[in-house]
Structures are given as structure tokens and as C-alpha cells.
Amino acid sequence: MRFGIGCFATDEGPNPADLARLVEERGFESIFFTEHTHIPASRDTPWPVGGELPREYARTYDPMVALTAAAGVTEKLLLGTAVCLVAQRDPILTAKEVASIDRLSGGRVLFGVGAGWNEEEMRDHGTDPSRRFGIMRERVEAMRAIWTQDEASYHGDHVEFDAVWCWPKPVQSPHPPVLVGGNGRGVLDRVLSYGNEWLPNRVGDDEKLLGRVADLRARGDETGRGPIPTTLCNSPTEPELLERYSSAGVHRFVFWLRHGDAAEVERRLDRLADAVDGL
């Protein structure tokens, strides 16, 4: 089992570099930062979890900047997005940012992607919410072309560019793993289409989620790709449940670190590290 930490890196919490150093010192494998460019003040789209949207959603650092800061003070810690909202991003620029971090960190990026849930946020970026999954697929495919080809081009319904030169290329070959986020009905199809892993949140019924993890692994075998792993966000800490998820196909467990000041965050990290040490 591999264990990581996920969090909102904000201007009201620990500096991302300081946090990454603490995470690596405690023996965790990875850190994941989330993304929201902004939160529209209208708040028309309800928070999927229900209730009031937590304050940290509107205060996140740009994940690429935060991961760059984390890369500079760590040696082995894997650097992830959970998730990068690619349906709201320029794919050429994002491809360069991800490749740059992968290069500067010595090949440590885990590229978690998602289509998002806040419809007003998408519209502010010129993204039609009803088309976001198709947009996400094409932008990931376009980024993969840029990462793997010296002269890349892409022609789709939502992304269109002729041959380009774009360096640096990632250290990881053929490119950083693409972890497709989401828990919706069609997410396993998206993972099989253009992802390397599934990146769900642990929400709802564990039995249903365990079944979907196992189903993805079986479908990977059926298509000849081999078992497709899952990275589970908002992971449990109970040993028996961790073992069941591991047997189903989860190879990385990401504990979500609640927002707080530096001292409280460090105490929470210590408790999680103690829980992992006891497994």
C-alpha cells in the first residue's frame, strides 16, 4: 500500500513548501493539491456534499505553483493534482506547466484531472458545462500528444491546433500518469479511454465503491491493458477496510488533511502518520 496526503493549499494555511516537507519527513509517498481558480459569488451551483461551501474553496493557490514550491524542498515525494480542472484550462499551457514540473522535480508528477462541478466557474472560463467531459477528454489527448511528439498536432471538436514545437518534455515516459477523477456513472469508461488510473473520492457506500474498483480492474484485463489501479481520495484509516480496498485494486490511499493553521495541520499529520505506522 502507498499512502499520500491531499489538501487545499491556501493562503490561510501552511505554505505549500513547508507542508510538503512535513509530509515527506513523515514517510508519506505523495502529496496532492486541489484546484479552483475562483468561486463565483452567486453560488448557484450547490456544493455536491451539501451545506455551506467551505471557505478554503475560494482561497486555493494555483496547484502548479504550489507543486513547484513543494518540488524545490523535497527529494522523493510524488507531486499530484486532485484534481486539475482541465476543462477550464488551456491545454498547450497546461501541458508545458506539467512537463516543466515533472522535469524540474526529476519525474515526480501524478496528473489528476477532473471536469469539475461548479457550473458558474466553468462558464467564467468559457466552458459549456454540458460539454465538459468531451472537452476534458480532448484536452488530455492533446496534452499527451504534446508530451510525446516532437511535432505535435491535434484536431478535435473542442481542441484544434496544427503542428507545434513545445518543450520541455516530461521526464516520465511516455508522460506523467493521468489519474481520472470522478465518481459519476461514466467515469470508468473515461479511465479506460484516456487514463492510467482512477481517482475517486470515497463517498457514499463502501460496498458499491469496492465493486466499481474491482470492475475497473477486470475491465482492464478484458481489454488487454492489464489491471488498472485506483488511487482512493478521502481514504479510510481502518486496517480492515484498507485491506479490502487494496484487494479490490486500490494501490494508493490519500488521506484528506482538513484545513487549519500550521500547528493544527502538523498535529493532524502526526496522527495520520501514527495510523499508517500501525498498519
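The values are calculated or read from the model by the stated rules, or taken from the named source; none is laboratory data. None of the values given here were measured: they were computed from a predicted structure. Note: ideal-geometry Cβ built from the backbone for every residue, glycine included; neighbour counts use all protein chains shown. To get the accessible areas, we keep the full protein, side chains included, count just its heavy atoms, and leave off ligands, DNA and RNA. Shrake-Rupley method; radii C 1.70, N 1.55, O 1.52, S 1.80 Å.
Values computed for the structure shown
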read-out: Among (1) under 28 Å from T60 (Cα atoms); (2) among the hydrophobic types (A, V, I, L, M, F, W, C); (3) buried (at least 16 other Cβ atoms within 10 Å of the Cβ) - the single one I228 does not satisfy; value: (1)
read-out: Residue list for the range 204-228, filter: part of a loop (DSSP other than H, G, I, E, B) and within 17 Å of F255 (Cα to Cα); value: G204
read-out: Pairs with Cβ under 8 Å, 6+ apart, first in the range 68-95 and of a type in the set (D, E, K, R), second modelled with pLDDT of 95 or more; value: E75/E24; K76/E24; K76/R108; R89/H125; R89/R139
read-out: Criterion violated by T223 - all others in (1) in contact with a Leu (Cβ under 9 Å, 6 or more places away or on another chain); (2) touching a residue at least 40 places away in the same chain (Cβ under 8 Å) satisfied; value: (2)
read-out: Index of the failed condition, E56 passing every other in (1) touching a residue at least 24 places away in the same chain (Cβ under 8 Å); (2) open to solvent by 50 Å² or more (accessible area, probe 1.4 Å); (3) assigned to a helix (DSSP H, G or I); (4) closer than 26 Å to T127 by Cα; value: (2)
read-out: Check on P227, farther than 18 Å from G112 by Cβ and touching a helix residue (DSSP H, G or I) at 6+ places or on another chain (Cβ under 9 Å); value: yes
read-out: Residue match in the range 175-189 (condition: without any contact (Cβ under 8 Å) to a residue 60 or more places away in the chain and hydrophobic (A, V, I, L, M, F, W, C)); value: yes
read-out: Sole exception among (1) open to solvent by less than 70 Å² (accessible area, probe 1.4 Å); (2) of a type outside the set (G, A, S); (3) part of a helix (DSSP H, G or I) for T237, by number; value: (3)
read-out: Of residues in the range 1-32 being touching a Ser or Thr at 6+ places or on another chain (Cβ under 6 Å) and outside any loop (DSSP other than H, G, I, E, B), the one surrounded by the most Cβ atoms within 10 Å (Cβ to Cβ); value: A20
read-out: Entirely in the range 129-194, the strands (runs of 3 or more DSSP E) that have 2 or more residues that are under 19 Å from A82 (Cβ atoms) and open to solvent by less than 40 Å² (accessible area, probe 1.4 Å); value: 178-181
